[in-house]
Structure formats: structure tokens, C-alpha cells
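Colleague: Quick one: this structure, given as C-alpha cells, is what I'll be asking you about.
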Amino acid sequence: MKIISSKQIYQADKATIENKSISSAELMEQAALKCFDWIVTSKIEKDKIFNIFCGIGNNGGDGLVIARKLIKANYKVNTFIVNFSNNRSRDFQINFDRLIEMNNTPVELNLINDFPIISENEIIIDAIFGVGVSRLPQGFVKEIIIRMNASNATIISIDLPSGLFPESPIVDSESVIKAELTLTFQNPKLAFLLVENRSFCRNWTVLDIGLDKSFIDSLKSEYETIDLHKIRSIYRPRGKFSHKGDFGHSLIIGGSFGKIGAVVLSSKAAIKIGCGLVTSYVPKCGYEILQTANPEIMVEVDDENYLQFFNFKTDPTVIGIGIGMGTHLKTKTGFGQFLKENKKPLVLDADALNILSKHRDLLELLPVNSVLTPHPKEFERLVGKWNNDYEKLTLLKEFSSKHECVIILKGMYSAIAFKNKVYFNITGNSALATAGSGDVLTGIITGLIAQNYSAIDASLLGVYIHGRSADIAITKNESSESFTASDCFLYFGEIFNEIKT
């Protein structure tokens, strides 16, 4: 799903009004109805008190419509107008008047002393500012936001937490609503996907409010989320007469004394994801471990306790390298020589990335369309520090473009950069914050490239499956604490069957 800018959202609103011959007030009614429907079908008890804080623009108008619909449905509702300006929008005023016609006049807040007493058992609906916010909330509006946050009531924001800029970093965290849930309209907002904003949009859901989808499809965007629709467009089913030779040969290079488990996980992931043949290249100390742990995997060996020669005999389709490899001086030297001679597609993780960060000249030896899978600290070693997550995204795109590679920045909403575009994965949860999780991902992507998926398609499909395995596990009495990297394999079949449906 595209992530579009606030400017493009306004363009989509305008196009919808023109192309569907509806008024802006009718579009507001549609949007608020979707929010109302979500509320009444949620698990919120009907006897809860709803405190709806409305600005004087169209986001406030959405709040007024929600208030009207909740009142008609016999919910307990208090409606407040945050009077930060005399310039009320037309659609706000229409819905303000409709509430008064129902003999339900909103309370107008002009001073911080007007702020009501709200208990932690109540619900706050935040409709003060939407995507059009262009300056930092100040004065009594900032004080209202501070008090809303301090109430400990559950806060539901409409479209965007008030004070959060959709496409630029936060300047004053006290001026931003800390929403438990954001009901956002039509498309995700970039701000939701960045770790620095995690306190302000803990959860979010996209509501289809009927904007013109053909117009949105015509818009250009540097950002996109990976959803099931996207994954189904990438996935290629197997033919009836397929054989293992059709699905490539992955070579997993890595391991060192005490870190052979990384290669066990990675090679298992490559075979479980559908690769036809998998060979592991490890130090001799890992030979028996691999042969015992993964009987489906072939094994070649290097020196006794660490890699230095990289003299494998296998002719692979693709190579995944770096997991558990260590950074012994001879390993670094051998890795550099390997890069000079290698012509095969590469997936690089862990110590391969750590060596590259200390020997930047080796980056020039990477084949075009290599896949790099750093976590944030590994990425920082490659590119240096950043001031905020928006700058980090710029560095991600610049690195991908300069080195003609796919780079997967791992974490919640893993960001996959390719050719100046960034895709965010929305599967996964904190269960994946466990040892070996990244090793599994490396094996998944390596195994997919072996099956002739392009580097970017293998990366998108791989991070989706990786995250989805943890999502399914949590629905089956697993917990984020007890989940291990090996548990990912239990759900690959179920995920493929979901994709095929």
C-alpha cells in the first residue's frame, strides 16, 4: 500500500470530491462513519465515557461527526472544542451546528483552566489536528495535550495523533498526543513506521473512507508498505513437473567456534523456504553439528575453528554469507579475497557487514543487486550516525543507490531500500527480538533468490514470511518471550498456503 504525503492526501480528497460528485461534508461523514463503525465493533464497553476533543479544522469536523453518531447510539459523550483560532473550517461549522440542533452543545475550551477532569477509565478521542498540521502546538493547546496525555485515559487519535508531523521529525515531544490507537484514513502515514515515534502511535489501523483509488494509484511515492496483495503479486507457484534442480542451490557461508548454530538456522531456513539444494560452508568444528542438525544439508569445511580459505567446491546459484563468521584477521583477509573473485549473487549479514564497515573499499566489490541485512547498529557502522529517523531513511536510500544493492534495515517495520524506494514490512512483532532471528532471515532470502526470485522480490517476500511466522505463533499460545528463531520454521507451510489462497 502506498504511503502518500499530506499534500497528496489533499489532492486525493479533491479528486474524490470531483470524480465521485460528493461534497467535502459528505466525505467527512464517510470518514467519521468508518471511525464510528470501528468503535462500536471494538471491545470498548458501551458504558465508557467518551471525551472528544475537536480542533476547529476538518479533523475537528471528523470528531464532531463521531460525537453525533455516538450520541445517537446512546454512548456517553462529552464534546470539547479546542479554540485555538477563530478561523473555523466550513465543514467543521456544518457539523458544529448539527450537534447544537441535537440539543448537544459542545464545551468550548479557551484557557487551560477550562480543561475537564478525566479519569483513567474514560476514553479520549483526539481530533484536534490532522495531517494539515504545519506548526508546533504552543500555548494553551500544548497544555491541553499535556493534560490529555497525563490523564492516563485511553487515547484514540483520528487520522494522526495531534502534534505529530506526518513527514518530519518531532521538535517538542510534549506537544504530541500519545495515542494508544490511531484510526487513520485510506493510507498509512510515514510517521507511523518510524521507531522515534513509537510513543505517539503505539497502534494504528487503516480505514478505507472511499477516496478515489485510481487517483491514488496514479500518484508517485517513495514509500510503500508490504501487504498480502503485494506478496501475492510476487509469489510464483510451482509447476506440476518441477524437480529440485528447478529451485536452485544455496550456499551458506559462516560460523566459527561456538557460533555454528547461526549456520544451522540459516541453512535450515533456506531449505524450508523451498530451495532445491543447500550447502553449508563452515569451519571443521561445525561439520558434525551441521550433518546432525540438518540432514537435508550438504557440508563443506574450511580451517578448524574459523574461516580463512573460502575454497568451497560447490557451484551455487546464490551465496548467503556472514552469519556467525567472526572477524578473525585471517577471516577478514579471506573474505576480502572471496569478494574479489566472486561473481555469484550475495546476501550479506552480521560479520560480513562488520568487516565491510571497517574496510569500505570492499563495498565496491559487491555484485550489483546484492542484499545487505543490517540491524540499526550494523547500519550505523556502515554509514555513520543520523539525527532522526527521516535522515536515516535518506541514508538508506542513498546507500542503496550508490552501491546498487537492496538493503534491509531490520526491526519493527523493517525498511527495505531499493532504487531510491523504501518498502516497510508490517508483519512481525517483538517475538522476533531473539537470538538467531536474523540468521533465519538471511537463509530465507538466500533460498528465495536461489529459486530465481529477483533480489528485491526475495527481500520483500522474505521479510513478510519471517514476520508473519511470529504473528501466527502469537495466535497459537506462543508468547513473545518464549518464541525462538527455530519456531519460525513451524509456520512456513501455513504462510505459503495463505499466500496461495
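Colleague: Need pairs with beta-carbon distance below 8 Å; first residue over 20 Å from Ile117 (Cα atoms) and within the stretch 70-99, second of a type in the set (D, E, K, R) and part of a helix (DSSP H, G or I); sequence gap 6+ or separate chains.
Modeller: That search, which allows pairs on different chains as well, returns Asn95/Arg68; Arg98/Arg68; Leu99/Arg68.
Colleague: Let me ask something else about it. Look at Ser480 and say whether it is within 19 Å of Asp349 (Cβ to Cβ), out of contact with any Lys or Arg (no Cβ under 6 Å at 6 or more places or on another chain) and free of Cβ contacts under 8 Å to residues at least 60 places away in the same chain.
Modeller: Judged against the criteria, Ser480 is not a match.
Colleague: Quick one: would you say Ile156 is buried (at least 20 other Cβ atoms within 10 Å of the Cβ) and either touching a helix residue (DSSP H, G or I) at 6+ places or on another chain (Cβ under 6 Å) or not basic (Lys, Arg) (or both)?
Modeller: Considered against the rule, which asks whether it is buried (at least 20 other Cβ atoms within 10 Å of the Cβ) and either touching a helix residue (DSSP H, G or I) at 6+ places or on another chain (Cβ under 6 Å) or not basic (Lys, Arg) (or both), Ile156 comes out as yes.
Colleague: Yes or no: the stretch 178-194 includes at least one residue that is among the aromatic types (Phe, Trp, Tyr), within 30 Å of Phe310 (Cα to Cα) and either in contact with a helix residue (DSSP H, G or I) (Cβ under 6 Å, 6 or more places away or on another chain) or at pLDDT 95 or above (or both).
Modeller: So far as the stretch 178-194 goes, no, none of its residues is among the aromatic types (Phe, Trp, Tyr), within 30 Å of Phe310 (Cα to Cα) and either in contact with a helix residue (DSSP H, G or I) (Cβ under 6 Å, 6 or more places away or on another chain) or at pLDDT 95 or above (or both).
Rundown of residues vs (1) surrounded by 21 or more Cβ atoms within 10 Å (Cβ to Cβ); (2) in the same structural domain as Ser480 (by TED's automatic domain parsing); (3) among the polar types (S, T, N, Q), yes/no style:
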{"position": "Cys405", "(1), (2), (3)": "yes, yes, no"}
{"position": "Ala415", "(1), (2), (3)": "yes, yes, no"}
{"position": "Lys421", "(1), (2), (3)": "no, yes, no"}
{"position": "Gly443", "(1), (2), (3)": "yes, yes, no"}
{"position": "Thr446", "(1), (2), (3)": "yes, yes, yes"}
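Colleague: May I pose another question? Checking the structure you have, find out if any residue of the stretch 415-427 is more than 19 Å from Ser256 (Cβ to Cβ), modelled with pLDDT of 95 or more and part of a loop (DSSP other than H, G, I, E, B).
Modeller: For the stretch 415-427, residues more than 19 Å from Ser256 (Cβ to Cβ), modelled with pLDDT of 95 or more and part of a loop (DSSP other than H, G, I, E, B): present.
Colleague: Okay, moving on. Mind checking whether some residue in the stretch 237-250 is touching a Ser or Thr at 6+ places or on another chain (Cβ under 9 Å) and assigned to a strand (DSSP E or B)?
Modeller: Yes, some residue in the stretch 237-250 is touching a Ser or Thr at 6+ places or on another chain (Cβ under 9 Å) and assigned to a strand (DSSP E or B).
Colleague: Sticking with this one: Mind listing whichever residues of the stretch 199-226 are out of contact with any helix residue (DSSP H, G or I) (no Cβ under 6 Å at 6 or more places or on another chain), over 23 Å from Lys392 (Cβ atoms) and part of a loop (DSSP other than H, G, I, E, B)?
Modeller: Asp208
Per-residue answers, yes or no, for (1) in the same structural domain as Arg135 (by TED's automatic domain parsing); (2) on the phi > 0 side of the Ramachandran plot; (3) not in a loop (DSSP other than H, G, I, E, B):
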{"residue": "Lys7", "(1), (2), (3)": "yes, no, yes"}
{"residue": "Gln11", "(1), (2), (3)": "yes, no, yes"}
{"residue": "Ile17", "(1), (2), (3)": "yes, no, yes"}
{"residue": "Ser21", "(1), (2), (3)": "yes, yes, no"}
{"residue": "Ile44", "(1), (2), (3)": "yes, no, no"}
{"residue": "Asp47", "(1), (2), (3)": "yes, no, no"}
{"residue": "Phe50", "(1), (2), (3)": "yes, no, yes"}
{"residue": "Glu108", "(1), (2), (3)": "yes, no, yes"}
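Colleague: Do you know which residues across the stretch 401-416 are within 16 Å of Val195 (Cβ to Cβ) and of a type outside the set (Val, Ile, Thr)?
Modeller: Hits for the stretch 401-416 are Leu409, Lys410, Gly411, Met412, Tyr413, Ser414, Ala415.
Colleague: May I ask you to list the residues in the stretch 370-387 that are polar (S, T, N, Q) and surrounded by fewer than 17 Cβ atoms within 10 Å (Cβ to Cβ)?
Modeller: Passing the criteria: only Asn387.
Colleague: Related question: Go through the stretch 400-414 and give me each residue that's under 16 Å from Leu190 (Cα atoms) and either more than 18 Å from the chain's Cα centre (by Cα) or assigned to a strand (DSSP E or B) (or both).
Modeller: Leu409
Colleague: Determine whether the stretch 128-142 contains at least one residue that is over 30 Å from Gln8 (Cα atoms), modelled with pLDDT of 95 or more, under 27 Å from the mean Cα position of the chain (by Cα) and outside any helix (DSSP H, G or I).
Modeller: No, because not a single residue in the stretch 128-142 is over 30 Å from Gln8 (Cα atoms), modelled with pLDDT of 95 or more, under 27 Å from the mean Cα position of the chain (by Cα) and outside any helix (DSSP H, G or I).
Colleague: Also: Do we have Tyr287 as crowded, with 20+ Cβ neighbours inside 10 Å, out of contact with any Asp or Glu (no Cβ under 7 Å at 6 or more places or on another chain), over 26 Å from Ser454 (Cβ atoms) and not β-branched (Val, Ile, Thr) here?
Modeller: It is false that Tyr287 is crowded, with 20+ Cβ neighbours inside 10 Å, out of contact with any Asp or Glu (no Cβ under 7 Å at 6 or more places or on another chain), over 26 Å from Ser454 (Cβ atoms) and not β-branched (Val, Ile, Thr).
Colleague: Does Gly443 qualify as being in a helix (DSSP H, G or I), of a type outside the set (A, V, I, L, M, F, W, C) and more than 29 Å from Pro169 (Cβ to Cβ)?
Modeller: It is true that Gly443 is in a helix (DSSP H, G or I), of a type outside the set (A, V, I, L, M, F, W, C) and more than 29 Å from Pro169 (Cβ to Cβ).
Colleague: Quick check on my filter: what residues within the stretch 37-65 are within 18 Å of Ala153 (Cα to Cα) and in contact with a Cys (Cβ under 8 Å, 6 or more places away or on another chain)?
Modeller: Gly63
Colleague: Are any of the residues in the stretch 61-78 surrounded by fewer than 22 Cβ atoms within 10 Å (Cβ to Cβ), at pLDDT 95 or above, within 34 Å of the chain's Cα centre (by Cα) and assigned to a loop (DSSP other than H, G, I, E, B)?
Modeller: Scanning the stretch 61-78, I find no residue that is surrounded by fewer than 22 Cβ atoms within 10 Å (Cβ to Cβ), at pLDDT 95 or above, within 34 Å of the chain's Cα centre (by Cα) and assigned to a loop (DSSP other than H, G, I, E, B), so the answer is no.
Colleague: How many residues are touching a residue at least 60 places away in the same chain (Cβ under 8 Å) and more than 30 Å from Gly286 (Cβ to Cβ) when one looks only at the stretch 230-254?
Modeller: Here the count works out to 7.
Colleague: Sticking with this one: Within the stretch 345-369, which residues are of a type in the set (D, E, K, R) and buried (at least 16 other Cβ atoms within 10 Å of the Cβ)?
Modeller: Asp349, Asp351
Colleague: Since Thr105 meets every condition but one in (1) free of Cβ contacts under 8 Å to residues at least 40 places away in the same chain; (2) under 20 Å from the mean Cα position of the chain (by Cα), which condition does it not meet?
Modeller: (2)
The values are calculated or read from the model by the stated rules, or taken from the named source; none is laboratory data. Given the structure is predicted, the values throughout are model-derived calculations rather than measurements. Note that each Cβ is placed from the backbone with ideal geometry, even for glycine, and that neighbours are counted across all protein chains shown.
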